[in-house]
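Undergrad: Below are the structure tokens for one structure; questions will follow.
The values are calculated or read from the model by the stated rules, or taken from the named source; none is laboratory data. Only a predicted model underlies this, so the values are computations on that prediction, with no experimental measurement involved. So basically every Cβ, Gly included, is an ideal-geometry build from the backbone, and we count neighbours across all protein chains shown.
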Amino acid sequence: MFKAQNGLPGSGQKMHGKNGEFVYVFVPPGTIVRDKATGEILHDFSADSEPQWTYLVGGRGGQGNWHFRSAKHQAPRYAQPGMPAQQNLLTIELNIIADLGFVGFPNAGKSTLLTLLTNATPKVAPYPFTTKIPNLGVMRVYDQDVVLADIPGIIEGASHGLGLGIQFLKHIARTKGLVFLVDLSEETYLDTFSTLMAELTDFSAELSLKPRIILGSKTDLDEDGSRLEALKASLSAETVFGVSSFHRDRLDDIRREFLRLAEKEIVL
């Protein structure tokens, strides 16, 4: 609990009592402040908002007996009491701010790709759900920085809380674009994109409208390239690339495509 220091009472010789001191609560960009009881959003610390916000203020101090003197009563025994301070219970919610967000099933290769493209060092292992918290990395392309966000893998039903659920879907709500990773080694790879899109749409229709590209990951396991071609054919209206983090192929092309996607503005 955060509590501001109380002010001090006035003293003799008509001296004003010391004001109470501010309490500053430092939060990262992207933080949303809600009223705990109602859930109402009180302030949104987005990238373009004011960096400082005052919510609760201390009670106004009362006036000393000198203010109530009269011709008959030069030293009245009455002094006005001060007003009580404001207080409230708040919920602090962090939505990370990144340019692009990675979306995919567990073990689709998101964390490995983030490691190759940025300065991030997320945990990488050959089993699902190694990513349990969002990871951010900064990718340098030419003279520009693109911030990439890797969130824990999405499973069917995530929008209703299954798996790590909506607690992490919200972290890609503010990205400029989305990167869908489709694991070409999975037998159901052709259904992956539609399943992911259904979960995002169910959680927030705005997510389904964000600019996006699709990466067919683990092309090293697609030896003849037939699965990547089948993915491109099934998603002919989408931008589809293949990538192998193992062979590190096409990374420069992907960097340029990520930069293009981060700079694209959506028109609704």
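Undergrad: Looking at Asn95, is it over 28 Å from Leu178 (Cβ atoms) and at pLDDT below 75?
TA: no
Undergrad: Can I ask one more? Just checking, which of Lys72, Lys18 is touching a Leu at 6+ places or on another chain (Cβ under 6 Å), part of a loop (DSSP other than H, G, I, E, B) and either of a type in the set (D, E, K, R) or modelled with pLDDT of 70 or more (or both)?
TA: After applying the criteria, what remains is Lys18.
Undergrad: May I pose another question? Check Leu215, Leu196, Leu181, Leu231 and return the single one that is hydrophobic (A, V, I, L, M, F, W, C), assigned to a helix (DSSP H, G or I), under 24 Å from the mean Cα position of the chain (by Cα) and crowded, with 20+ Cβ neighbours inside 10 Å.
TA: Residue meeting the stated conditions: Leu196.
Undergrad: Do you know which of the residues in the stretch 234-268 that are of a type in the set (Asp, Glu) and surrounded by 14 or more Cβ atoms within 10 Å (Cβ to Cβ) is modelled with the lowest pLDDT?
TA: Here the answer is Asp249.
Undergrad: Among the residues of the stretch 199-212, count how many are part of a strand (DSSP E or B) and β-branched (Val, Ile, Thr).
TA: Count: 0.
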